[in-house]
Amino acid sequence: MSPAVVTLIVLAFVALLFVTEVIPLAITAIGGAIVLGIIGIIPMKMVFSGLSNSTVVLFAGMFVIGASMFHTGLAQKLGESVVRVAGKSENGLMLGTMVIAAAISSVSSNTGTTAALMPVIVGICKVAEIPASRQLMPLAFGAGLGGIITLVGTPPNIIAAGALKAAGLEPFGFFEFAWIGIPLTIAGIAYMMFLGKYLLPKAHITGDLEIDEEAKQEATAGSTDPKKMWITALTLLAVVIVMALDLKQLPLEIAAVIGALVLVLTKCLTEKQAYTGIDWVTIFLFAGMMPIATAMETSGAGKLIADQVVSILGGNPNPLFVTAILFLLSGGLTQIMSNTACTALLAPIGISIAKGLGASPHAVLMAIAVASSCAFSTPVGTPPNTLVLGPGGYKFMDYVKAGTGLVIVCFIVSIIVIPMVWPFFPK
């Protein structure tokens, strides 16, 4: 068999394991890279090369900064302040909840954001005599939407940028996703306020609020020292400004690591808390998929898929149509598998297809990454959805009812916005 076919067989097994999660995602990704190295598709020295990728360092630094927001109580303080201003009416609380969840998750973990704000929202719901089931799903959706806004807001965005860099292309800038992330967030909040709220269950929750251990670690405040909150807030602001300026002397990963070091040195969080705050599954999944993406390029597997797609869709398909198809594919897969894994799987394929069409890989990868973050139709699509399942007293079909409409809204907005910003992407 040709190297291209062998690579596709390995990729198919990786995709199957990603969907079923029979073995952990990180092990699947690293295992796929090892197999490709052993059979000679890629050099053995490349198998673990993803761990030295600058994007991995960026991941780690921002995870630590995000963890500091939760350990110092800054995230919870922000949530309480906004909800206090928003009031205790159902509409006002929903608006305030989704806005602050989106804002915090744009620069930190959406899982941690949801876990930190859940007790706040549930407490206010009890006082206001509003069913928590009316607010917890909007909280999860707001956190999911906000992550799309910046490069570091959600793993799919960084993975897409890393895939571009691995292909020798210019990666996304820090606020480049905001072109689509902000309209999506506004549209998503509007949908929940005017339509989605009618699809939410009305039942009150019963029992105590439960948060799984991983989320609890991410959200627990280790200190409520106002000084540490201010240090964390100013550090985060400085890092975001430096990243937005895109200074060549201070690359994104260096800015993130400096910020993380400042927070550890000022004892906003301990060294152990910093290590715990890093999502190692995301780190190793990304590191494992980078060599697989390289194999897709060097073996000709990506070109083979691209040629087949172009052939099926006609000799010269409209790039926008192909982008829409990839959005739907990514948006469908992410409802049943990790959004990180979904992006890692489709990114190299998207680049190959874009090159085959002479279209901008940036537009195609942005569509894939954004669609991967639109995991609203099932309770397992994204960790925030799972977190609110029990406390909200939700059933599977509650997500299907309220979340599917949000996915459709995201698709419509994306198909409108992406062509508008298409000319600004590098060719």
>> Between K303 and T266, what's the calculated FRET efficiency when r is the beta-carbon distance and R0 is 41 Å? Round to 0.05.
In response: 0.25
>> Rounding to the nearest 10 and keeping the result within 0 to 90°, find how far the Cα-based axis of helix 252-265 lies from the longest principal axis of the chain.
In response: 40 degrees
> DSSP loop trypsin sites (Lys or Arg not before Pro) in segment 233-274 with at most 15 other Cβ atoms within 10 Å of their Cβ, which ones?
Replying inline: K248, K267
>> Exposed loop sites here are GluC sites (Glu not before Pro) in DSSP loop states with at most 14 other C-beta atoms within 10 Å. What is the longest stretch of the chain lacking them?
In response: 211-427
> In whole Å and largest first, what semi-axes does the C-alpha gyration tensor of segment 351-423 yield when each eigenvalue is scaled by 5 and square-rooted?
Replying inline: 31, 12, 8
>> Need one word for segment 5-159: rounded, prolate or oblate. Basis is the Cα gyration tensor (sqrt eigenvalues a ≥ b ≥ c); a/c below 1.5 gives rounded, then a/b vs b/c decides.
In response: prolate
> Of L11, M337, F59, whose Cα points farthest to the positive end of the dipole of the chain (charges on the beta-carbon: +1 Lys, Arg; -1 Asp, Glu; origin at the Cα centre)?
Replying inline: F59
> Quick one: helix 90-105 against the long Cα principal axis of the chain, what's the angle to the nearest 10°, folded into 0 to 90?
Replying inline: 50 degrees
> Each residue of segment 379-394 in order: what ³J(HN,Hα) in whole Hz does its phi give by Karplus 6.51 cos²θ - 1.76 cosθ + 1.60, θ = phi - 60°, with x for Gly and Pro?
Replying inline: x, 9, x, 7, x, x, 4, 5, 4, 8, 4, x, x, x, x, 7
>> Cut-off 17 Å, label point 7 angstrom out along Cα-to-Cβ of K165: give me the residues of segment 177-201 whose amide nitrogen falls inside.
In response: 177
>> Leaving out ligands, DNA and RNA, and with a 1.4 Å probe, what % of the accessible surface on the chain is carbon or sulfur?
In response: 69 percent
> What FRET efficiency, computed as 1/(1 + (r/R0)^6) with R0 = 45 Å and r the Cβ-Cβ distance, is obtained for E129 and L245, rounded to the nearest 0.05?
Replying inline: 0.40
>> Quick check on packing: order 329-335, 160-166, 112-118, 101-107 by the mean number of other C-beta atoms within 10 Å, highest mean leading.
In response: 112-118, 101-107, 160-166, 329-335
>> Whole-Hz ³J(HN,Hα) for each residue in segment 401-408, computed from phi via Karplus 6.51 cos²θ - 1.76 cosθ + 1.60 with θ = phi - 60°, x for glycine and proline: what do you get?
In response: 5, 7, x, 5, x, 5, 4, 5
>> With the crude spin-label approximation of a point 7 Å out along Cα→Cβ, what separation in nm comes out for K202 versus I9?
In response: 5.9 nm
> With every protein chain present, what is the per residue accessible area of the chain (1.4 Å probe, Å²)?
Replying inline: 41 Å²
> What residue among L247, L387, L320 shows peak mean-square fluctuation when the chain is described by a Gaussian network model with Cα springs under 10 Å?
Replying inline: L247
>> Between segment 371-427 and segment 68-86, how far is it from one alpha carbon centroid to the other, in angstrom?
In response: 24 Å
>> Using only Cα atoms and rounding to the nearest 10 degrees, what angle (0 to 90) does helix 74-86 make with the longest principal axis of the chain?
In response: 60 degrees
> Between M397 and V85, 0.36 nm times their residue separation minus their Cα-Cα distance comes to what?
Replying inline: 109.1 nm
> Given N residues in segment 3-421, what is Rg(Cα) / (2.2 N^0.38 Å)?
Replying inline: 0.95
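The values are calculated or read from the model by the stated rules, or taken from the named source; none is laboratory data. For clarity, every value in this text was computed on a predicted model and none was experimentally measured. Note that we place each Cβ from the backbone using ideal geometry, even for glycine, and neighbour counts take in every protein chain shown. Just so you know, the surface numbers come from the protein's heavy atoms only, side chains and all, with ligands and any DNA or RNA stripped out. Shrake-Rupley method; radii C 1.70, N 1.55, O 1.52, S 1.80 Å.
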